[in-house]
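Notes for the one structure printed next.
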Amino acid sequence: MDGTEQKDERGGVSVRALEIFVAALIMALATLVMYDSWLIGARWGADGPQSGYFPFYIGVLMFASSAIVFVRALVVRVVRRRFVEPQQFRSVLMLLVPSIVYVAVTAYIGIYVASALYLTYFMRLLGRYRWIVVLPIAIGVPVAMFFVFEIWFLVPLPKGPLEDWLGY
Amino acid sequence: MEAIDALFHGFSVALTGQNIIFMFIGILLGVLIGVLPGLGGANGVAILLPLTFSMPPTSAIIMLSCLYWGALFGGAITSILFNIPGEPWSVATTFDGYPLARKGKAGEALTAAFTSSFVGALVAVIVLTFLAPAVAKFSLRFGPPEFFAVQLLTFCSFVGLGGGSPWKTVASMMIGFALAAVGLDTVTGQLRMTFGTEQLLRGFDFLIAVIGLFGIGEILLTMEEGLSFKGEPAKINARVVLDTWKELPKYWVTSLRGAFIGCWMGITPGGATPASFMSYGLAKRFSRNGAKFGTGHIEGVVAPETAAHAAGTSALLPMLTLGIPGSPTAAVLLGGLLIWGLQPGPMLFVEQKDFVWGLIASMYLGNVVGLIIVLTTVPWWAAILKIPFSIIGPIIVVICAVGAYTVHNAFFDVALMLMFGVVGYVFKKLDYPLAPMVLALVLGDMAEASFRQSMILSDGSVAIFWSNGLVGGICALAIFVLFWPLVSEGIRRIFRPRPAGAAQT
């Protein structure tokens, strides 16, 4: 899914190319399912079907259906359509990449601080809001979350150094 | 009438102060998540589910099912005022709803949409009240082969009635089954497809999949569109409501047809989305004003809304009676039942009368309350939609992350959620339906168990699925439904007035 070449009109990944890629990926996944099921036994054991019996046939159906999608996408000639416009893809990445960082960072600094930073990044850099709008929301949302989860519903969320320091 | 007695008993269960408060909270939150992009019935319920573990099951299900009704109502608001379907089943509502709003008749369109939603739901609840006990009683006779046959029917209906490419439906469904098989095989104790990793031991939780596929996936799609909300003003007052109500009885045939299609598609899980398209298509074909459809005609709002709400409601019937959900949201509610320690299926009607009838009674009350709430609070919701996406978007991602984390208190789940988000985004753009994957993930273990038990009963012969009239009949129906697209391809084209590229289940 790298649609990063975005030079001219002909750049980028077409719907057809991605269609083929995804179908191939599902076929690979299906092969993996069949392989693993076969290893643990996909036949009839002494006391009934073995563990891999049902998943093996799931793998077979998965392979067959995605193979048909694959072949159809290869054979059928369609007007070349981009899967996603470069500009659009940039906006998608602008959300996706920070979200990955957000999730990774949560493990170390706790979800409250990470959420505050994530919200700040988004509103300040993408939304270009003034700090007077950004700060109340970036701080208010995690605080509200804290009250709802930790205090009212007694559901613990991941915490980091700041919460330790505050005594939670 | 046994059902009437039970229903009144249900009202006495549902009508406590606490439950009524939960009902209000559920509806309000439901409309909110229906209006917000990226949050919908299925993932909204999934995110709130961990918060209800400490509540009494009856109150919890009342709140969560009301959330579902609220989301069904809420989807109509964004479709009509902003031409953005908040939920896939309200796509057909935009065809006539938005043109009406453009003409300055937003109030009429909203009233019509809410009222027909209400009518659709009411018909479905009445059907459910009288049909559910009978189905439950009947299914007490079911053995493993019958259960597997019903599950087969469920999945065949998705392929046959879901619309879109049947191969992609099958592929998506099989991915769900494969994911469900990951982890410990409870029958033999064998590890399956864990490839030596510790995290995969627990398998894939469908709640995580739902939050990722529908939540993050939707947010990524919204991001792509850049989201410039251009809403029409919503003026709604008692006068507009009453005038519209006077006009609505004219379309009783359309309403009734919509409700019927909805109930049918909800019970045999085609889902609310195809039901709304089918109802719109049929209404356009058979109405005397068919030519006016698409230009802002009230009847074009009535048809899809009635069907969508009827389908959404009746999807709970197979969930309660057979343990087989008819929609992703029903699947999440089913997961909730299991967590609260209730085994869905025929025995639920025998052992948990309070729970079942309390829930059914709350459906009547919830929809009445819902109708009143949405009619009186539309301007607020329209105002919420004016909050820019660069503020609301990240907040929704944070809510999804918290929701995914609280399911098992695991970071790995949050990472999985993002992965499912990317899958959801790509699949939606390539028209792979997501609902079959979710349902297969939920039902995978159950389907496998009943299949295995049947195989053991018959000593490995598939002929057991034709061994008596009942199981044979269900299987025959399943196969008929599976090949339905071939039979009806010609008709289908006429039914769909617009190229339904946006139709996703």
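Evaluated against (1) under 30 Å from B:Lys429 (Cβ atoms); (2) within 20 Å of the chain's Cα centre (by Cα), B:Ile126 falls short on exactly one condition, (1). B:Ile387 meets all of the listed conditions (1) assigned to a helix (DSSP H, G or I); (2) without any contact (Cβ under 8 Å) to a residue 12 or more places away in the chain but one, namely (1). Are any residues in the range B:170-194 more than 8 Å from every other protein chain (Cβ to nearest Cβ) and in contact (Cβ under 8 Å) with a residue 12 or more places away in the chain, and if so, which ones? Once the filter is applied, which keeps residues that are more than 8 Å from every other protein chain (Cβ to nearest Cβ) and in contact (Cβ under 8 Å) with a residue 12 or more places away in the chain, the range B:170-194 yields B:Ser172, B:Met173, B:Gly176, B:Leu179, B:Ala180, B:Val182, B:Gly183, B:Leu184, B:Thr186, B:Thr194.
Among the residues in the range A:97-105, are any of a type in the set (Ser, Thr, Tyr), under 18 Å from B:Ala404 (Cβ atoms) and more than 8 Å from chain B (Cβ to nearest Cβ)? Checking the range A:97-105: not a single residue is of a type in the set (Ser, Thr, Tyr), under 18 Å from B:Ala404 (Cβ atoms) and more than 8 Å from chain B (Cβ to nearest Cβ). Scan the range B:33-60 for residues that are closer than 21 Å to B:Gly421 by Cβ and of a type outside the set (Gly, Ala, Ser) and the total you get is 11. Going through the range A:65-82 one residue at a time, which ones are crowded, with 16+ Cβ neighbours inside 10 Å and more than 7 Å from chain B (Cβ to nearest Cβ)? Of everything in the range A:65-82, those that are crowded, with 16+ Cβ neighbours inside 10 Å and more than 7 Å from chain B (Cβ to nearest Cβ) turn out to be A:Ala67, A:Phe70, A:Ala73, A:Arg82. A single entry from B:Val159, B:Val91, B:Val127 fulfils the requirement of being in contact (Cβ under 8 Å) with a residue 40 or more places away in the chain, touching a Cys at 6+ places or on another chain (Cβ under 9 Å) and among the β-branched types (Val, Ile, Thr): B:Val127. Can you say whether B:Ala149 is touching an Asp or Glu at 6+ places or on another chain (Cβ under 6 Å) and farther than 30 Å from A:Ala73 by Cβ, as far as the supplied structure shows? Judged against the criteria, B:Ala149 is not a match. Only one of the listed residues (A:Met94, A:Met123, A:Met145) is farther than 30 Å from B:Thr169 by Cα, without any contact (Cβ under 8 Å) to a residue 40 or more places away in the chain, more than 7 Å from every other protein chain (Cβ to nearest Cβ) and surrounded by 13 or more Cβ atoms within 10 Å (Cβ to Cβ). That residue is A:Met94.
Among the conditions (1) at the interface with chain A (Cβ under 9 Å from one of its Cβ atoms); (2) touching a Ser or Thr at 6+ places or on another chain (Cβ under 8 Å); (3) in a helix (DSSP H, G or I), the only one that B:Ala415 does not satisfy is (2).
Here the range B:313-335 is the region considered, the condition is being crowded, with 24+ Cβ neighbours inside 10 Å and not in a helix (DSSP H, G or I), and the residue that is farthest from the chain's Cα centre (by Cα) is B:Ile324. Residues being more than 30 Å from B:Thr186 (Cα to Cα) and in contact with a Pro (Cβ under 7 Å, 6 or more places away or on another chain) are represented in the range A:126-137 by at least one member. On inspection, B:Ser59 does not qualify as small (Gly, Ala, Ser) and within 19 Å of B:Ala311 (Cβ to Cβ).
With respect to A:Pro49, determine if the residue is facing chain B (nearest Cβ under 9 Å), crowded, with 16+ Cβ neighbours inside 10 Å, in contact (Cβ under 8 Å) with a residue 24 or more places away in the chain and not acidic (Asp, Glu). The answer is no for A:Pro49. Apart from one condition, B:Val402 fits all of (1) within 14 Å of chain A (Cβ to nearest Cβ); (2) part of a loop (DSSP other than H, G, I, E, B); (3) among the β-branched types (Val, Ile, Thr); (4) closer than 30 Å to B:Ala180 by Cβ; the exception is (2).
Taking the condition of being facing chain B (nearest Cβ under 10 Å) and surrounded by 13 or more Cβ atoms within 10 Å (Cβ to Cβ), how many residues in the range A:149-168 meet it? Steps first, answer last, please.
As a first pass, look at the range A:149-168 and keep what is facing chain B (nearest Cβ under 10 Å): A:149, A:152-158.
Then keep just the ones that are surrounded by 13 or more Cβ atoms within 10 Å (Cβ to Cβ); that gives A:149, A:153, A:155, A:157-158.
Matching residues across the range A:149-168 total 5.
Looking only at residues of the range B:441-472 that are at the interface with another protein chain (Cβ under 9 Å from one of its Cβ atoms) and under 21 Å from the mean Cα position of the chain (by Cα), we find that the one that is farthest from B:Pro145 (Cα to Cα) is B:Gly444. For the range B:68-107, the set of residues classified as modelled with pLDDT of 80 or more and over 21 Å from B:Lys386 (Cα atoms) consists of B:Tyr68, B:Trp69, B:Ala92, B:Phe95, B:Asp96, listed by residue number.
Specify the residue that is nearest to B:Ala404 (Cα to Cα); the eligible residues are those in the range A:154-165 that are in a loop (DSSP other than H, G, I, E, B) and modelled with pLDDT under 80. Top of the filtered list is A:Val155.
The values are calculated or read from the model by the stated rules, or taken from the named source; none is laboratory data. What you are looking at is a predicted structure, and each value in this text was computed from that prediction instead of being measured. Because the Cβ atoms are built from the backbone with ideal geometry, glycine has one as well, and the counts that use them run over all protein chains shown.
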